[in-house]
Amino acid sequence: MKVTPIRDWNSLSIRPGKKAETWTLDGEQLNDVTFYGGIAPGEALIRERSKKHKPLPKFTKQTLLVEIPELLEGTYRTNKGIGTFTVTGSNPDRFLGGEGIRFTYDYIDADNLPRKGEARATLVKDMLYMATFDAPRLHYFQATLDDFHSLTDSAAF
């Protein structure tokens with residue numbers, strides 16, 4: 001997956017997984033875009049820290065587009081140690097030239113900071129491609145949401 005940014009983004013040097021990359025404008029805690037490219041059946045979205053004690057949910061060949069929000073929720077709950085996560089909206093969407101899903105969500109992070117997120121995802125040849133955007137609910141989410149839309153609208157193979 002390739003995107004064409006209309007402004008400069010910073011790519012974080014630490015990747016959340018082999019098939020994931022995170023970009024930010026103002027710092028990871030203020031606006032975070034993560035791209036997940038080619039997640040194959042049997043794989044988690046991100047690197048597992050402890051397969052025994054904190055196993056992450058896996059993408060499967062049977063996973064439907066409408067189940068992608070649940071996959072992201074399970075990943076966030078396990079990896080970020082959050083208890084409150086709510087999907088606030090979900091609609092069909094075109095992404096990477098095919099049928100996809102766009103969904104929004106709210107959660108409270110480990111520092112008790114309310115955050116909002118939006119994601120776009122599609123399935124191509126039994127693989128998951130997704131982009132997520134997370135930011136504090138106050139100011140940063142709305143201030144950089146258009147930048148996320150520009151990135152994901154430009155996404156192509």
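The values are calculated or read from the model by the stated rules, or taken from the named source; none is laboratory data. All of these numbers come straight from a predicted model, not from anything done at the bench. Note that we place each Cβ from the backbone using ideal geometry, even for glycine, and neighbour counts take in every protein chain shown.
Of everything in region 15-70 that is of a type in the set (F, W, Y) and touching a Ser or Thr at 6+ places or on another chain (Cβ under 9 Å), the residue that is farthest from L138 (Cα to Cα) is Y36. Of the residues making up region 39-60, those that are at pLDDT 95 or above and either small (G, A, S) or under 18 Å from L145 (Cα atoms) (or both) number 3. Within the option set E99, E118, E73, being closer than 19 Å to T22 by Cα, touching a strand residue (DSSP E or B) at 6+ places or on another chain (Cβ under 7 Å) and surrounded by fewer than 20 Cβ atoms within 10 Å (Cβ to Cβ) holds for one residue only, E73. Here I82 does not qualify as free of Cβ contacts under 8 Å to residues at least 12 places away in the same chain and either touching a helix residue (DSSP H, G or I) at 6+ places or on another chain (Cβ under 7 Å) or surrounded by fewer than 14 Cβ atoms within 10 Å (Cβ to Cβ) (or both). In the condition set (1) buried (at least 22 other Cβ atoms within 10 Å of the Cβ); (2) among the small types (G, A, S); (3) modelled with pLDDT under 95, A131 is compliant with all but (3). Taken as a whole, the condition of being farther than 13 Å from A121 by Cα, of a type in the set (D, E, K, R) and touching a residue at least 12 places away in the same chain (Cβ under 8 Å) applies to R49.
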